[in-house]
Amino acid sequence: MKKLVFALSVLGLAASPALVTSNAMAATMDFNSVDANGDGQVTLIEANDAGLQWTEEQFAAADVDHSGGLSETEFNAVAG
Ligand SMILES: [Ca+2]
């Protein structure tokens, strides 16, 4: 039983930084490193893969021209 509690606490510690990443990481996130396929647009999938954890609503709000991807300007406006 002690082992189970220990395992759960380790998991809890490991998970907590991820919860803080959203805005703190976004502030230091480099566009080119988030733009995984290098097409000049950051998709919601790329943003989430990079750990930004944006919701569809947050992404849509950032996608000012509704192109379905964030340009570097759009990305930097919310994350730069
Ligand atoms: Ca766009």
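Residue pairs, Cβ under 8 Å, 6 or more apart or interchain, first in the stretch 46-66 and in contact (Cβ under 8 Å) with a residue 12 or more places away in the chain, second surrounded by 13 or more Cβ atoms within 10 Å (Cβ to Cβ) and charged (D, E, K, R). List them.
Pairs found: E46/D35; A62/E74; V64/E74.
Kindly provide the set of residues from the stretch 52-80 that are of a type in the set (S, T, N, Q), part of a helix (DSSP H, G or I) and farther than 12 Å from F31 by Cα, ordered by number.
Of all residues in the stretch 52-80, those of a type in the set (S, T, N, Q) come to 53, 55, 58, 67, 71, 73, 76.
Next cut, part of a helix (DSSP H, G or I) only: 58, 73, 76.
Hit for the stretch 52-80 is Q58, nothing else.
The numbers here are math on the coordinates, done by the rules we state, and not lab data. Source: prediction; values computed, not measured. Methodologically, a virtual Cβ is constructed for each residue, glycine included, from the backbone with ideal geometry; neighbour enumeration extends over all protein chains shown.
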